[in-house]
Amino acid sequence: MIRALLTEPMTGSANWTAARTGASMALGSMLCVQLGAAVSVGLFSQIGPDGVAWLRLAWAGIVLLVIVRPRPSAFSKSGFLTCLALGVVTAVMSMSFMEAIARLPLGTASALEFLGPLIVAVAHGRGGRRLWPVLAAPGVLLLTDPWHGGSDPAGVGFALAAAAGWASYILLTQRAGDEVTGLAALAVSMPVAGIAATIIAGPAVIGHLTWPVLLAGLGLALLVPVVPFSLELLALRRLTTTAFGTLMSLEPAIAAGVGVVVLHQVPHLGAVAGIALVVTASVGAQRSGARRAPRAAARAGWHRDPRPALLVDVAGERQLSE
């Protein structure tokens, strides 16, 4: 069923109904990601943040390897090495984010992590792209509240490490995507991430595993990334990349909402303003930072998802930018 979802062809014209459906799928994807993060918090007391990240990555690697079944012939040597590096970065990014949300509200951690793709979008943008970091900077100050010592310094550090990891993740994904089509890169990088996380966290966690925890980890792996990536794939067949990227920029706000409802983390007014500034900066950077697909990928009909690690076959149905 999941494999069919990942390969479902696009039908019909790009009309209002398709755009509305695509927007709903994108929002559903973000909701899954943030619900997965919120639910993960409940396991911290049993296996710790690193253990939760390890369990999610290990299960996700197994699931994607089974679903996609990448063929060695699909990879060049440089492409395969890039996928290996991507897997290591994925592990570091995921484990850093879990450590961040163990110390910070979910909305704050998500907004700080979003600085990674924001900087990449600005670096690849055009026009008045230097405006957006200037707009995001006061947002970061409002989120971290340094003058009152309101945020855990280690949590902020882990969130910024996750942001740096996400930026590296995007750049490596772009490089891998120039050589590898479809989800093959993800089906290699995710198992590598699982192995890397096992080396880092596995020995300390294995003794604390129970069958309920293992099954919870499988559920989390489906919640993130299998279901969100499937929804994003279908959404991108109905939306332009600019529209999709703009929608995805709302994720810190969705994270804050999930934090309120699921974790009862009510942000103060400064944090709300900070999240709004980061979201606004991300929207602006996204709309001026579209990257053109490489010629080889364009000829094959593959366009890049603005969110890392997803390459989507749109069969020429959408333009790269508006």
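The values are calculated or read from the model by the stated rules, or taken from the named source; none is laboratory data. A quick note: this is a predicted structure, and the numbers were derived from the prediction, not measured. Cβ coordinates were reconstructed from backbone atoms using ideal geometry, including for glycine residues, and neighbour counts include every protein chain displayed. We work out accessible area using only protein heavy atoms, side chains counted, and drop any ligands, DNA or RNA first. Shrake-Rupley method; radii C 1.70, N 1.55, O 1.52, S 1.80 Å.
Is the C-alpha gyration tensor of region 151-201 telling us rounded, prolate or oblate? Criteria: a/c under 1.5 is rounded; beyond that, a/b larger than b/c is prolate, otherwise oblate.
It comes out oblate by the Cα gyration axes.
By its C-alpha gyration tensor, with a ≥ b ≥ c as the square roots of the eigenvalues, how is region 240-290 shaped: rounded for a/c under 1.5, else prolate for a/b larger than b/c, else oblate?
oblate
With each pseudo-label sitting 7 Å past Cα toward Cβ, what's the Ser24-Val266 distance in nm, one decimal?
Between Ser24 and Val266, the simple spin-label model gives 3.3 nm.
Suppose all protein chains stay in the model; what accessible area per residue would a 1.4 Å probe give for region 134-273, in Å²?
For region 134-273, the solvent-accessible area averages 41 Å² per residue.
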